[in-house]
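Bear in mind that the values in this text are calculations on the coordinates, not laboratory data. The structure displayed is predicted, hence computed values, not measured ones. Because the Cβ atoms are built from the backbone with ideal geometry, glycine has one as well, and the counts that use them run over all protein chains shown.
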Amino acid sequence: MTMRSLTNRKGRIFVADALSRVIGNPNLNTLFISQTSLWNAIKKEANKHPYMIRIGKLATANPGAPYKWQNGLVCYKNRVVIPPNSQLFNQLLQEFHDSPYERHSGVLRTYKRLTQQFYWPSMHKVIQQYVTSCTVCQKNKTETLSLAGLLQPLPIPFQV
């Protein structure tokens, strides 16, 4: 068979794939979540909590310390410090675990997402307690049972 003997015959069934029919200029939709109220609450809590005031004094007195003032917030290794035993814990955990965008991710994923921006003492422990007590996660959690084992034959009854 040579190239001259090949001819194109139009097919009867032609289904176009989705990629060949893409619209030329699609609209881009972006998702933006405003967190100004959260940042304002963190600043407000940082200015009145004694732990944060003590760390703030440490940050201003010792420039080489791991704590620094940035935009009115105390930061530890470029992460915003949240005061211990704060009401902000629940708000942050709801934002990073319960929101529809996070879809009830597990302990490790929630911890990793929170540690990118925030820091507080015993952070992993607080996140673990929150996620393990989440009722939605507990309802949807798969059971980790051992395998049932091999099938065993049922005894045949003597009388029918």
When we measure straight from the Cα of Lys57, which lysines land under 28 angstrom away, once same-chain ones fewer than 8 places off are left out? Lys43, Lys44, Lys48, Lys68, Lys77, Lys125
Would you calculate the convex hull of the Cα atoms in the stretch 37-138 and tell me its volume per residue in Å³? 96
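Tally the DSSP beta bridges in the stretch 37-138 and give the antiparallel ones as a percent, rounded to 5. Write out the running numbers ahead of the final one.
Values: 6 of 8 bridges.
Among the beta bridges of the stretch 37-138, antiparallel pairing accounts for roughly 75 percent.
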Checking the stretch 35-137 for trypsin sites (Lys or Arg not before Pro) in a loop per DSSP with at most 13 other beta-carbon atoms within 10 Å yields Lys77, Arg103
For Lys112, go through the aspartates and glutamates and keep the ones whose alpha-carbon is under 20 Å away, minus same-chain ones fewer than eight residues off. Glu95, Asp98, Glu102
Under the 7 Å Cα-to-Cβ spin-label approximation, Lys141 and Leu154 lie apart by a distance in nanometres of 3.5
Most positive-pole-ward Cα, Met123, Asn71, Gln87, against dipole of the stretch 37-138 from beta carbon charges: Asn71
What full-extension length gain, to one decimal in nm, is calculated for Lys125 and Lys112 as 0.36 nm per residue of separation minus the Cα-Cα distance? 3.4 nm
Coordinate range along principal axes, alpha carbons of the stretch 106-160, Å, largest first: 72, 20, 15
When Tyr101, Tyr130 are ordered from fewest to most other Cβ atoms inside 10 Å of their Cβ, what list results? Tyr101, Tyr130
